Amino acid sequence: MRFQNNVCSARREPTSRSPIARLLAAIAFVATATVLLLEFFHRECQLAEHIDVKLRAIGCYAATAARGGSQDAITEFSHPDVESMAEIEHQRWMAERIIAGWTFAKGPQDVIKRTSPFLVEWDELCLEGVKDYDRPAVRIIPGILERQGLKIFR
């Protein structure tokens with residue numbers, strides 16, 4: 001009962017609800033959390049599948065060291081390359097969100113209502129910190145590919 005009281009008070013719900021009502025609320029909570037978790041894994045897969053698109057946009061490709069020839073592999077992207085690929089990543093993220101039913105709304109992002117103030121073009125993002133969400137996803141590409149036995153070449 002103590003655990004139930006903590007859960008209910010944390011969610012600001014009265015403990016006087018019937019056991020069935022509490023059970024249904026818990027099931028709804030778990031279902032929502034499960035959907036969000038599955039969306040997260042799907043999003044991570046899409047991010048990985050999109051690496052090749054970003055590399056081609058800056059004139060690069062991924063290959064094994066043997067196939068890359070005598071060229072030096074790129075281990076870190078230049079600032080202009082990071083910015084170009086981050087903008088592409090933001091476009092990919094927006095498309096993924098729109099397909100999943102998200103819409104633009106001012107104010108804080110709401111995962112339940114599926115609204116976000118960040119569903120705008122790259123140049124319209126008003127805070128530089130918001131753009132930093134996309135930059136790390138780009139900067140880690142060389143490490144991700146290296147773990148797969150691949151290198152980046154131009």
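Bear in mind these aren't lab numbers, they're just calculated from the coordinates by the rules spelled out. In this text the structure is predicted, and so the values were computed from the model without any measurement. With ideal geometry, Cβ positions are generated from the backbone for all residues, glycine too; neighbour counts draw on all protein chains shown.
What the table below lists for this structure:
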{"item": "Per-residue HN-Hα couplings for segment 71-83 [Karplus 6.51, -1.76, 1.60; θ = phi - 60°; Hz; x = Gly/Pro]", "result": "5, 7, 6, 8, 9, 8, 8, 6, 4, x, 5, 4, 4"}
{"item": "Sites THR64 and ILE98, calculated FRET efficiency, Cβ-Cβ separation with R0 41 Å, nearest 0.05", "result": "0.70"}
{"item": "Under-5 Å amide H pairs with THR115, H placed in peptide plane, nonlocal only", "result": "THR103, ASP110"}
{"item": "Using alpha carbons only: equivalent-ellipsoid semi-axes of segment 50-153, gyration tensor based, whole Å", "result": "32, 13, 10"}
{"item": "Under Karplus coefficients 6.51, -1.76 and 1.60, residue-wise ³J(HN,Hα) of segment 133-148 in Hz, glycine/proline x", "result": "5, 8, 5, x, 4, 8, 5, 7, 4, x, x, 4, 5, 4, 5, 9"}
